[in-house]
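What follows is a short report on a single structure.
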Amino acid sequence: MDPNGNKRLFIAIEVPINTICNALSVLENVDLRGLRLVNKENLHITIKFLGHTPNRLLETVISGIEESSTGIKPFELQIQGLGAFPNLAMPRILWMDIKRDIEPILYIRERLDSLLNLNGFKTEQRKFSPHLTVGRFNKNVSNGDLKMLDKCIWEISNLPVSCVKINSLNLIESTLTSHGPIYKIRHKETFDTT
């Protein structure tokens with residue numbers, strides 16, 4: 001929390017660790033210099049990053065989450081493959097691709113943008129691309145590491161597709177520390193199971 005009482009918040013879908021444990025195992029067993037894997041307990045698909053949010057807007061954000069989730073039934077996603085932002089030649093962020101039934105995610109994101117924009121939250125200008133961040137590089141990647149990354153991509157592409165049932169949408173508070181972020185769920189909105 002910052003000195004003004006604001007909270008660093010984002011809206012996300014949690015991903016169970018067991019869903020991608022084989023892919024994480026490939027990355028954990030490779031010596032890619034400068035790669036910091038995401039803490040397994042923090043795996044999630046970010047739907048919308050809100051940033052430092054005043055406490056007075058917390059209920060507004062929760063209402064937006066509730067409204068954008070109305071009528072959404074639990075759905076299944078496939079998590080597969082490995083990619084990088086901005087690209088594989090200059091990787092900064094390693095991610096796994098989200099496939100299958102992504103329409104609910106796109107609908108929720110669009111709805112959240114509309115609802116929260118009315119309260120001063122900016123709409124992201126970049127095209128929304130659902131993904132699961134699994135690691136970050138904290139320095140330039142050598143040619144040797146790029147070859148090792150290519151090998152990881154090939155290995156992970158040959159793993160069975162991971163499927164996960166999505167039942168809820170979370171508002172998460174992120175506290176940054178020297179050991180990495182600490183996440184706390186502030187609100188959990190369960191999708192309609194009727």
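The values are calculated or read from the model by the stated rules, or taken from the named source; none is laboratory data. As the structure is a prediction and not an experimental result, all values here were calculated from the model. Cβ placement follows ideal geometry from the backbone for every residue including glycine, while neighbour counts extend to all protein chains displayed. Note: areas computed on protein heavy atoms with side chains; ligands, DNA, RNA excluded. Shrake-Rupley method; radii C 1.70, N 1.55, O 1.52, S 1.80 Å.
Tabulated data for the structure shown
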{"item": "Per-region count, segment 51-83, residues crowded, with 19+ Cβ neighbours inside 10 Å and in a strand (DSSP E or B)", "result": "5"}
{"item": "Filter result for MET96 (in contact (Cβ under 8 Å) with a residue 40 or more places away in the chain, hydrophobic (A, V, I, L, M, F, W, C) and farther than 23 Å from VAL164 by Cα)", "result": "no"}
{"item": "Contacts under 7 angstrom Cβ, first residue in segment 111-140 being more than 26 Å from VAL15 (Cβ to Cβ), partner at pLDDT below 90 and not polar (S, T, N, Q), 6 or more apart", "result": "LYS139/GLY34"}
{"item": "Residues that are part of a strand (DSSP E or B) and surrounded by 19 or more Cβ atoms within 10 Å (Cβ to Cβ), drawn from segment 23-49", "result": "LEU35, ILE45, ILE47, LYS48"}
{"item": "Residue, nearest to ILE98 (Cα to Cα), within segment 130-161, restricted to residues that are open to solvent by less than 60 Å² (accessible area, probe 1.4 Å) and of a type in the set (Ser, Thr, Tyr)", "result": "THR133"}
